[in-house]
Amino acid sequence: MKFAILLAYDGTNYCGWQAQDNGISVQSVLESAAEQTFGAMVSITASGRTDSGVHAAGQVCSFSADTSVPPEKIADALNFRLPADICVLKSAAVPENFDANRSAKRKTYCYRMYCARREHPLKARCAVAVPPPDVPLMQKGAALYCGEHDFAAYCASGSSAKTTVRTVYSVAVEEGFSRGSKDIFVTVCGGGFLYNMVRTMAGTLLYLGLGRLTLSDIERSLAFGDRSLVGKTMPAKGLTLESVDYGFTLF
């Protein structure tokens, strides 16, 4: 039988989603819990591979298993064997042709920053301390990313992507206030993303807000693929996979 789970995790202690030989991954921990739960090896597919240190609030995974556990109770069964920084929020039965990766239509990521001279211990695991930027200017820059563009300038070297053209449906820059400092949220929704693309978009918008780049630089970075026209790739800890859309309700 085929199942889907909605997964949340703090990526701080993991080398990313994908199982690797040089570190502990979210996938390896989850598959170990599944093997203990179902009494057999289980191969689990995620909507996408989050990098080392990246978090998830709404990762979606799929797998097949032979079990008498009711679909909605699989979440509890897995959580019994998972560490505190990984949690299955929901579970459900899905059609046999459902694939968490190939069936995904849109993904939404959020990059979190907060304005402070020093790191706040209650924010530092999931957000990055930055100088105060011009948020309205960042919002103008965010609008330039919407649509289909060649994001070659925003792709880290070593990517195996066949094309660097991607469609971005929305980019929002919002601000709030918590624990004595201003919070900044860069939320990006797209059909798919290149390696480090969202983190580089966030860094470019930050540099724009700090006066280190211009709106023209962003326009030219998309037109010419010039890496010198974008900001730094922001640290992984500020990035969270918020949700995955399949065009229908999963849970």
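For the reader, a short list of remarks on this structure follows.
- Candidates 75, 223, 161: whichever shows maximal mean-square fluctuation once the chain is modelled as a Gaussian network with Cα springs under 10 Å: 161
- Helix-derived mean residue ellipticity, 222 nm - over the chain, DSSP H n ≥ 4, -39500 (n - 2.57), to 500: -6000 deg cm²/dmol
- Axis angle, to the nearest 10 degrees, between helix 215-224 and the longest C-alpha principal axis of the chain: 60 degrees.
- Shape parameters for the range 172-251, alpha-carbon atoms, Rg then Dmax in Å: 14.7, 44
- Which listed pairs, of 73/162; 90/237; 105/232; 73/105, have C-alpha distances above 31 Å, in listed order: 73/162
- Of the solvent-accessible surface of the range 103-152, computed with a 1.4 Å probe and all protein chains present, 53% belongs to carbon and sulfur.
- Counted by Cβ distance under 12 Å from residue 107, the other residues give a net charge of +2, where Lys and Arg count +1 and Asp and Glu count -1.
- Heavy-atom accessible area per residue - the chain, 1.4 Å, Å²: 47 Å²
- Within the range 33-74: backbone nitrogen closer than 13 Å to the residue 99 label point (7 Å, Cα to C-beta): 45-48, 62-63
- Just the protein heavy atoms count here, and of the accessible area of the range 42-82 at 1.4 Å, carbon and sulfur take up 46 percent.
- Label assignment, Kirkwood radius over Cα pairs in Å derived from the structure, set (1) 19.6; (2) 19.0; (3) 18.3: (2)
- Comparing mean-square fluctuations of 62, 32, 91 from a GNM of the chain with C-alpha springs under 10 Å, the top value falls on 32.
- The range 82-158: trypsin sites (Lys or Arg not before Pro) in DSSP coil with no more than 12 other Cβ atoms inside 10 Å: 102, 105, 117, 118
- In this simple spin-label model, placing a label point 7 Å from the Cα along the Cα-to-Cβ direction at both residue 85 and residue 64 gives a separation of 3.3 nm.
- Portion, in percent, of the accessible area of the range 159-251 that falls on carbon or sulfur, probe 1.4 Å: 50 percent
- Rg over Rh, two decimals, the range 1-82 (C-alpha only, Kirkwood Rh): 0.95
The values are calculated or read from the model by the stated rules, or taken from the named source; none is laboratory data. In this text, all values refer to a predicted model and were calculated from it rather than measured experimentally. As a convention, Cβ positions derive from the backbone with ideal geometry for all residues, glycine included, and neighbour counts pool all protein chains shown. These area figures cover heavy atoms from the full protein model, side chains too; ligands, DNA and RNA do not enter into them. Shrake-Rupley method; radii C 1.70, N 1.55, O 1.52, S 1.80 Å.
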